[in-house]
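What follows is a set of notes on a single structure, which appears directly below.
What follows draws every value from the coordinates through simple rules; no lab data is involved. Here the structure is a predicted model, which means the values were calculated and not measured. FYI the Cβ positions are ideal-geometry reconstructions off the backbone, even for glycines, and counts take in every protein chain you see.
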């Protein structure tokens, strides 16, 4: 369990330092414009505002952030940001932050992680740029994109499973091997990433094509030559 502000642990010096820092904190300017025209202060702007206030007030604080993975009773994983605030006295605290939206797309995943880190850092130190809600549109568009990607992935998986059901049982191992995996079940198809789902669909389609027969004959020829 991650330690948070609401537990009864003496941290007098750290909390006093946080008060000094916040008294000196100048809210960051919104120096960036999102793809939909919304102005926002990025993660670097927020972090620099905190560091400057820490220096100006001699609060003696530092921070770091990490993305941690939790697993519920059903075995489902979720990720969230944790901000660790440390004081020169040795006192420290970990503040649970925003969840990180999962994506199979590396760029979208990084964007979601950056958004979550920025929001979590702002919440931990009380950073409140003017009209901060303006950038809510950015995460909304990200969520829409990820939802669309998931919808498309499910559609591909459904078609792949239909084709897999028609594949000759002798060819099923080769179909799974085409995406670098050992034979799985129909339920395992639902666990594939978007890219894997597309490749698996192609392998199933190939298995139902006459070209697969040529592939089989080639493989049999290799075995005979051994």
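Fewest-first ordering of 194, 15 by other beta carbons within 10 Å of each residue's beta carbon gives 15, 194.
Only counting other Cβ atoms within 10 Å, I'd like 68, 175, 167 sorted with the fewest neighbours first. Don't skip to the end; give the middle numbers.
On the way: 68 14, 175 25, 167 18.
Ascending number of Cβ neighbours within 10 Å: 68, 167, 175.
By the beta-carbon count within 10 Å of each Cβ, the least crowded to most crowded order of 122, 181, fewest first, is 181, 122.
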